[in-house]
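The values are calculated or read from the model by the stated rules, or taken from the named source; none is laboratory data. Not measured: the values here are computed from a predicted model. Using ideal geometry, Cβ is built from the backbone for each residue, glycine included, and neighbour counts are taken over all protein chains shown.
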Amino acid sequence: MISLQEGRGGAAGKPAARVLSLRMVVIGAQPRVWRRLLVRETMWLSRLHDSIQIAFDWFDYQTHSFALDDLKFGNPVKRDELNIEDDRDVTLGDLNLASRDRMMYEYHIGEGWKVDVRVEKAAAPGKGVQYPLCTAGERAGPPEDCGGVEAFHDMLACLKEPNSDLGREWLGWLGPDYDPGVCDLDKVNKGLRKLGK
């Protein structure tokens, strides 16, 4: 059985694992929705998936994949031309992510969300800092089942007219606490801290 805890890494003779600063941007969302996430290189790719779900307030209801060059990792699939390797078998260090420009995270493959993941920098871990850690971001994540980028933009337009029929319908579906302009870092980091438990 594969553990969802961080990979062990840091074997004898190897330098200590670094912390990667990842900038994650939801592709096509206007205004821009993004997060900055600090993660250890020893993190399993599957745990990065969990962290992205928390960072954008998604619920892991759909399939997902990471694309890196010609490699795909995520919910394992092998059929016809689709070959997605298991993301529980590889760490960020295994992918040498610190030396690469970017990778793509796709959630709800085909018609859902694409997140551009770029490594901003690699550094030594901070003393006493618990990772993963979200240090910055803008705007609330698009709601889980709102229908993709175009529907998200329509939803935002409807919310600007809360007394219209569609505005009331969206507000009823989203609930009174949803504010598209707010990225709640405290809530995100509280969720990320639970990953280790």
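Quick notes
- Residue match in segment 34-42 (condition: part of a loop (DSSP other than H, G, I, E, B) and either at pLDDT below 95 or on the phi < 0 side of the Ramachandran plot (or both)): yes
- Filtered residue count, segment 103-120, keeping only those that are surrounded by fewer than 14 Cβ atoms within 10 Å (Cβ to Cβ) and at pLDDT below 95: 2
- Scope segment 50-75; condition assigned to a loop (DSSP other than H, G, I, E, B), closer than 21 Å to E144 by Cβ and out of contact with any Gly (no Cβ under 8 Å at 6 or more places or on another chain); matching residues: F59, D60, Y61, N75
- Scanning segment 124-163 for residues that are touching a Ser or Thr at 6+ places or on another chain (Cβ under 7 Å) and modelled with pLDDT of 95 or more returns a single hit, P132.
- Per the listing P143, P132, the residue uniquely buried (at least 16 other Cβ atoms within 10 Å of the Cβ), out of contact with any strand residue (DSSP E or B) (no Cβ under 8 Å at 6 or more places or on another chain) and either of a type in the set (G, A, S) or under 23 Å from R193 (Cα atoms) (or both) is P143.
- Cβ-Cβ under 6 Å pairs, at least 6 apart or on other chains, segment 100-123 side free of Cβ contacts under 8 Å to residues at least 12 places away in the same chain and among the small types (G, A, S), far side in a strand (DSSP E or B) and surrounded by fewer than 18 Cβ atoms within 10 Å (Cβ to Cβ): none
- Top-ranked residue in segment 79-90 [being assigned to a strand (DSSP E or B) and not acidic (D, E); ranked as surrounded by the most Cβ atoms within 10 Å (Cβ to Cβ)]: I84
- Residues that are touching a residue at least 24 places away in the same chain (Cβ under 8 Å), of a type in the set (D, E, K, R) and at positive phi, drawn from segment 70-99: none
- Filtered by the rule that a residue be surrounded by 20 or more Cβ atoms within 10 Å (Cβ to Cβ) and among the aromatic types (F, W, Y), segment 52-72 gives F56, W58, F66.
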